[in-house]
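One structure is given below, encoded as structure tokens.
The values are calculated or read from the model by the stated rules, or taken from the named source; none is laboratory data. The structure displayed is predicted, hence computed values, not measured ones. Quick reminder, even Gly has a Cβ in these numbers, built from the backbone with ideal geometry, and neighbours come from all protein chains shown.
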């Protein structure tokens, strides 16, 4: 790590900060089975993608993307936005150590308004919140995480990515950052090849453990 630049912790949202992935799995499984039966396990394929990218899969039927977006908007107002165990304590510990914190999510700003209603203190946990509107290419492209390093004026080697989806894990890898995988959405053995460390949640996870995972090489 470069001691001349700040350390940054970059967090995906769903399945990392919020225990919401199972709810999205239900919604997109229903949409996939109803409208894209040619794409088995549609709900797994799209994890980590922005909504605009997901909706391109439904463009063959005029008006369907708009209808699905309306259904999703309504669905998100009824969702439970519970925190992943231990995550708020861990983020507060990062901030006490002057480590930069950011949300890097494929969710849009409209969805984030529901998060803020559920957790009025949410924005106080982070220095920056990046949403789908902030980058052109979504995960697995690394653009969103590279943006985090750029905004914090640090190196990719000083950045830690927290992810659960295969697209997100791949984005962190492609960005050249240390990747901490959470087994909240996929089994630990599936996450491990794309991560430098795998954790079930943040209970008992410390800043020291995060720093010990730093990638020393690309081997």
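Give the residue that is nearest to residue 5 (Cα to Cα), with candidates limited to residues of the range 114-126 that are more than 17 Å from the chain's Cα centre (by Cα) and in a helix (DSSP H, G or I).
Top of the filtered list is 124.
What pairs can you find where one residue is in the range 178-203 and assigned by TED's automatic domain parsing to the domain that holds residue 89 and touching a residue at least 12 places away in the same chain (Cβ under 8 Å), the other is in a helix (DSSP H, G or I) and surrounded by fewer than 17 Cβ atoms within 10 Å (Cβ to Cβ), and their Cβ atoms are less than 6 Å apart, with a gap of 6+ or different chains?
What qualifies is 198/188; 198/192.
Which condition from (1) under 17 Å from residue 12 (Cα atoms); (2) touching a helix residue (DSSP H, G or I) at 6+ places or on another chain (Cβ under 7 Å); (3) outside the structural domain of residue 28 (by TED's automatic domain parsing) is the one that residue 93 breaks?
Condition (1) is where residue 93 drops out.
Quick check: is even one residue across the range 94-112 over 27 Å from residue 195 (Cβ atoms) and touching a residue at least 12 places away in the same chain (Cβ under 8 Å)?
Checked the range 94-112: at least one residue is over 27 Å from residue 195 (Cβ atoms) and touching a residue at least 12 places away in the same chain (Cβ under 8 Å).
Please indicate, with yes or no, whether at least one residue in the range 145-166 is without any contact (Cβ under 8 Å) to a residue 12 or more places away in the chain and surrounded by fewer than 16 Cβ atoms within 10 Å (Cβ to Cβ).
yes
Among the helices (runs of 4 or more DSSP H) contained in the range 146-219, which hold 3 or more residues that are over 13 Å from the mean Cα position of the chain (by Cα) and modelled with pLDDT of 95 or more?
Of the helices (runs of 4 or more DSSP H) lying wholly inside the range 146-219, those with at least 3 residues that are over 13 Å from the mean Cα position of the chain (by Cα) and modelled with pLDDT of 95 or more span 188-191, 207-212.
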